[in-house]
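S.K.: The structure follows.
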Amino acid sequence: MRTRIREYRRAAGLTQQELADAVYVSSRTIISIEKGQYSPSLMLAYRMARVFGTTVEDLCLLEENRRIDDEENGYA
């Protein structure tokens, strides 16, 4: 799943560790999410969206990811 977490984190001037501390996870979790190796839970996505003052939909590119998923699964 693609996200804008790295983009938002850098714009906010936060390190991966600082973001991790703010949302109660390890820096390894943030690294994995930013690399697209791990999808955040809804609660984690919500916490990060709150840190950045945006929505989960925007942060996690939900519309774009839905289109990709639909195409990959033959729903489109």
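The values are calculated or read from the model by the stated rules, or taken from the named source; none is laboratory data. Because the structure is a prediction, the values reported are computed rather than measured. Neighbour counts run over all protein chains shown; Cβ positions are idealised from the backbone, glycine included. Ligands, DNA and RNA are stripped out before the accessible areas are found, and what is left, the full protein with its side chains, is counted by its heavy atoms. Shrake-Rupley method; radii C 1.70, N 1.55, O 1.52, S 1.80 Å.
S.K.: Output the residues belonging to segment 28-68 that are touching a residue at least 60 places away in the same chain (Cβ under 8 Å) and polar (S, T, N, Q).
M.R.: Across segment 28-68, the qualifying residue is only 65.
S.K.: Which one of the conditions (1) surrounded by fewer than 18 Cβ atoms within 10 Å (Cβ to Cβ); (2) free of Cβ contacts under 8 Å to residues at least 40 places away in the same chain; (3) out of contact with any Ser or Thr (no Cβ under 9 Å at 6 or more places or on another chain) does residue 25 fail to meet, given that it meets all the rest?
M.R.: The single condition residue 25 does not satisfy is (1).
S.K.: May I pose another question? Looking at segment 29-54, which of the residues that are within 14 Å of residue 1 (Cα to Cα) and part of a loop (DSSP other than H, G, I, E, B) is least open to solvent (accessible area, probe 1.4 Å)?
M.R.: 40
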